[in-house]
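The values are calculated or read from the model by the stated rules, or taken from the named source; none is laboratory data. This is a predicted model, so every value here is computed, not measured. Glycine also receives a Cβ, built like all others from the backbone with ideal geometry; neighbour counts cover every protein chain displayed.
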Amino acid sequence: MTYQTQTFDFDDAKAAAFANRFVGTLNEAALAIMTSLGHRAGLFDALASNPGLGSEGLADRAGVTERYLREWLGVMVTAGVVEYDPRDGTYTLPPEHGAVLTRAASPENMAVTTQFIGVAASVENEMLDRFRNGGGLCYHHFDRFHEVMAEDSAQLVVANLTRAILPIMPGLIDRLEVGIDVADFGCGAGRAMMALARAYPNSRFHGYDLCEDAFASTLEEARADGLGNLRLEARDLSSGEPLGPFDLICAFDAVHDQADPKGFLRIVKPSLRPDGVFLMQDIGGSRDLEKNIANPFAPLLYMISSMHCTPISIGQGGPGLGAMWGVETAQEYLVETGFASVALHRLPHDPLNAYMVARP
């Protein structure tokens, strides 16, 4: 038997260009990790508020140790994020950079999103095992996932609920002001429902999530503030038992992680009143890989899907849809679980997600 081998011409220039690209990849990865650290330590906020300080003065203002701060500043200066004046040893964060790195910049603080890199890296050893044995992960494997997800959601979802998201459903704001029943299935930290409970005191808001730990601090804050129209409850949404009835049910970035996504959606429809509406926000990618190549966020989204969304679903005995299950699949699932109409919305403030409005 004769075997034929396929030969390829080796392009030295292409190899060199790819190697140079990965020098950039390593540096950008280092920058992402240090950006996350700087965000958590409040270093960008300190830089923005105190331009032109040396490392000692900045350390004093930020409440950190100067030696570590100086090394961190070395990353930021050589990466082109912070400007350095060697004549007097001072550092300045350009306002154009601060516009996407400080808490004052929210809801456009990209430093928040860099925290997902560290969260994913924290389970690398576990995921190496899962790549080999096909198993999944549980939420407890992720030290800070709920915290980071809540902060990221606060920017993209919570901060834009009344301004951009709810208005895609005509007349809903008026109904909320009069008083309706609203639920968030898979509420996570419960911040969306708390924001709406404060904005619309005549309406009643309910949040359900499998993990009580996720919303414990929000519940404590709501009780301290005397917020009587908000209820957060631990509930297994795969039980198949309807809740409600509600006028509006929301699910923010929750469906694809479920053990039984269709089972989750089948609970929603009977939990709605006949004229109710279901608002589902999920990752706005496509299930077709080739359609995601032009998406500038695609590598990040596939990474989060690989390191969190897919193993979390598999760990619950689910199908492992992953974050990139696609808007096509999401719309099909809504139709298959009994919704009569499904409308897809893309919002200017949120390039990562899609918003689907489904009615019984």
For the condition within 23 Å of Glu151 (Cβ to Cβ) and exposed (fewer than 13 other Cβ atoms within 10 Å of the Cβ), what is the one hit in Ala104, Ala62?
Ala104
Listed residues Glu147, Glu124, Glu108; which is modelled with pLDDT under 95, more than 23 Å from Phe215 (Cβ to Cβ) and of a type in the set (D, E, K, R)?
Glu108
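Inspect region 263-285 for any residue being closer than 21 Å to Ser306 by Cα and without any contact (Cβ under 8 Å) to a residue 40 or more places away in the chain and give the result as yes or no.
Scanning region 263-285, I find no residue that is closer than 21 Å to Ser306 by Cα and without any contact (Cβ under 8 Å) to a residue 40 or more places away in the chain, so the answer is no.
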Taking the criterion of being closer than 28 Å to Ser305 by Cα, in the same structural domain as Ala192 (by TED's automatic domain parsing) and free of Cβ contacts under 8 Å to residues at least 12 places away in the same chain, would at least one residue in region 247-258 satisfy it?
no
Candidates Val100, Val75, Val64 - the one that is touching a residue at least 12 places away in the same chain (Cβ under 8 Å) and closer than 16 Å to Ala32 by Cβ
Val75
Go through the residues of region 147-158 one by one and say whether even a single one is in contact (Cβ under 8 Å) with a residue 60 or more places away in the chain, in contact with a strand residue (DSSP E or B) (Cβ under 6 Å, 6 or more places away or on another chain) and either surrounded by 20 or more Cβ atoms within 10 Å (Cβ to Cβ) or on the phi < 0 side of the Ramachandran plot (or both).
yes
For region 232-250, give me each residue that is closer than 21 Å to Thr162 by Cβ and under 23 Å from the mean Cα position of the chain (by Cα).
Leu232, Leu248, Ile249, Cys250
For region 164-191, name all the residues that are over 15 Å from Leu279 (Cα atoms) and without any contact (Cβ under 8 Å) to a residue 40 or more places away in the chain.
Asp174, Glu177, Val178, Gly179
For region 167-216, give me the residue count where each residue is surrounded by fewer than 18 Cβ atoms within 10 Å (Cβ to Cβ), part of a loop (DSSP other than H, G, I, E, B) and over 25 Å from the mean Cα position of the chain (by Cα).
5
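Do the conditions hold for Leu237, that is, is it buried (at least 19 other Cβ atoms within 10 Å of the Cβ) and closer than 27 Å to Leu196 by Cβ?
yes
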Within region 316-332, can you find the residues that are over 18 Å from Val148 (Cα atoms), crowded, with 18+ Cβ neighbours inside 10 Å and not polar (S, T, N, Q)?
Gly318, Gly320, Leu321, Gly322, Met324, Trp325, Gly326, Val327, Ala330
Within region 192-207, can one find any residue that is among the charged types (D, E, K, R) and over 30 Å from Ile312 (Cα atoms)?
yes
Kindly indicate whether any position in region 5-23 is part of a helix (DSSP H, G or I), closer than 30 Å to Val64 by Cβ and modelled with pLDDT of 90 or more.
yes
